[in-house]
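See below for the structure under consideration.
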Amino acid sequence: MFSHDIIKKRIIVIGANGMLGQRIIHFYSGKENIQLLGCSVEPSPCFNNVDYKSCDISKREAIKDIILDFYPDYIINAAAFTNVDLCETEREKAWKINVKGVEYLAEASRIIDAHLVTISTDYVFDGSKGPYDERAKPNPLGYYGRTKLASENVLKISGTYYTILRTNVLYGIANSHPDFVRWVFNSMKEGKHIRIVTDQINNPTYIDDLVQAIDKVLGFRKYGIYNIGGREFISRYDFSIRVADFFNLDKSLITPIITEELKQAAKRPLRSGLITIKAESEFGFKPTPINETLEIMKKELLQ
Ligand SMILES: NC(=O)c1ccc[n+]([C@@H]2O[C@H](COP(=O)([O-])OP(=O)(O)OC[C@H]3O[C@@H](n4cnc5c(N)ncnc54)[C@H](OP(=O)(O)O)[C@@H]3O)[C@@H](O)[C@H]2O)c1
């Protein structure tokens, strides 16, 4: 994208220290025609060579000042309160970050006519009859899903140029908390027994596929809602077996269980997953097969 532009495009990445945010920063950093600013709630960045500002998106004036000062063409919001179970008990905080935060970004975005891209989730659905396309009726089971759905609705009436990318089960290389693949790999490497659910089905999304999708959305100026997910619909248990097989780990360490046994605070959508035909046909989104993504991750996991 942007390879023929003479004037630099300005991109601000909110939640730059998170799992997805880091990969977005990695993708755009060093590109000649991009001026990049990372922004997250922590005092300092977990990356080098990219400008960084600490800010809390639930602070309306603070985030507005940063955005109006940088005057971005594009705002990519990868920040969120993502702990699904904590969202049940810390509802005010979840609403402030996931809903009000998006509202404040949209307000600032509208003032300068920036294009705001924000990330949503399959947790807006109840998981009774997935996989879902973009027109399916949301019905979140938990508070996290409710906040993410509310943030989508905030954007719809915001009057700004926006794109919502719904995704599910992000995995890939990042320096933040371990993703599902790394957690399975590390646990099994250490000989730990793990219990994995057989009844949650999604299409896990390789983070860099999502980053590519974001870049295409900006390049093709695609607005509205798009699903971004992986190529394969698979249960968490089968996914962990794929990881074990790929890395020749001892599969007997994995015990199949059902979600109910975990007694989690928040209910999960079970038969979920996101149909990606719209993104594939409108901007050439191409999810990478799981084995290829594991091949890419291998270098980092085995070092
Ligand atoms: N991971 C998944 O499987 C998945 C699936 C579907 C959708 N999503 C969505 O994808 C997006 C990225 O997820 P992720 O997994 O990369 O999340 P993540 O690793 O938890 O990163 C979120 C980032 O946002 C920051 N943040 C939290 N509150 C903030 C605030 N008030 N102001 C500014 N920054 C704040 C976090 O900082 P702290 O770490 O200090 O809190 C963190 O750096 C989120 O919108 C999430 O809802 C993720």
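Read the figures in this text as sums done on the coordinates, not as results from a lab. None of the values given here were measured: they were computed from a predicted structure. Glycine also receives a Cβ, built like all others from the backbone with ideal geometry; neighbour counts cover every protein chain displayed.
Of the DSSP beta bridges with both residues in region 12-122, give the percent that are antiparallel, rounding to the nearest 5.
Working: 0 of 14 bridges.
If we restrict to bridges inside region 12-122, about 0 percent are antiparallel.
Each of Ser281 and Lys189 was given a label point 7 Å from its Cα along the Cα-to-Cβ line. The distance between the two points is 4.3 nm. Site pair Leu68 and Thr89 shows an inter-label distance of 3.9 nm when each label is modelled 7 Å from Cα along Cα→Cβ. The Rg/Rh ratio for the chain, using Cα coordinates for both the radius of gyration and the Kirkwood hydrodynamic radius, is 0.96. Dipole size of region 174-268 about its Cα centre, with +1 on Lys/Arg Cβ and -1 on Asp/Glu Cβ: approximately 240 debye, rounded to the nearest 20.
Remark: region 1-155 carries a charge dipole of roughly 100 debye about the Cα centre, counting +1 on each Lys and Arg Cβ and -1 on each Asp and Glu Cβ.
Could you estimate the translational diffusion coefficient of region 122-200 from the Stokes-Einstein equation, with Rh from the Kirkwood formula over C-alpha pairs, at 4 °C and 1.567 mPa s, in whole µm²/s?
Numbers: Rh = 15.3 Å.
Approximately 85 µm²/s, per Stokes-Einstein.
For the chain, DSSP calls about 5 percent of its internal beta bridges antiparallel.
Averaging Cα coordinates gives a centre for region 1-71 and one for region 233-303; these two points are 29 Å apart.
Considering all different alpha carbon pairs of region 60-187, the Kirkwood hydrodynamic radius works out to 15.7 Å.
Can you list which of the GluC sites (Glu not before Pro) found in region 67-137 are DSSP loop residues with at most 15 other C-beta atoms within 10 Å? List each step's numbers first, then the result.
On the way: sites: Glu88, Glu90, Glu92, Glu103, Glu107, Glu134; in loops: Glu90, Glu134.
Sparse-neighbourhood loop GluC sites (Glu not before Pro): Glu90.
Here region 195-252 has an Rg and Dmax of 15.3, 48 Å, counting Cα atoms alone.
For region 176-303, evaluate the Debye formula with one uniform point scatterer on each Cα (no solvent term) and list log10 I(q)/I(0) at q = 0.18, 0.21 Å⁻¹, rounded to two decimals. Treating every Cα as an identical point scatterer, log10 I(q)/I(0) equals -1.04, -1.25. Stokes-Einstein, applied to the Kirkwood radius of region 1-53 over Cα pairs at a viscosity of 1.567 mPa s and 4 °C, places its translational diffusion at 115 µm² s⁻¹.
Using the rule -39500 (n - 2.57) for each DSSP H run of four or more residues, divided by the residues of the chain, the 222 nm mean residue ellipticity is -10500 deg cm²/dmol.
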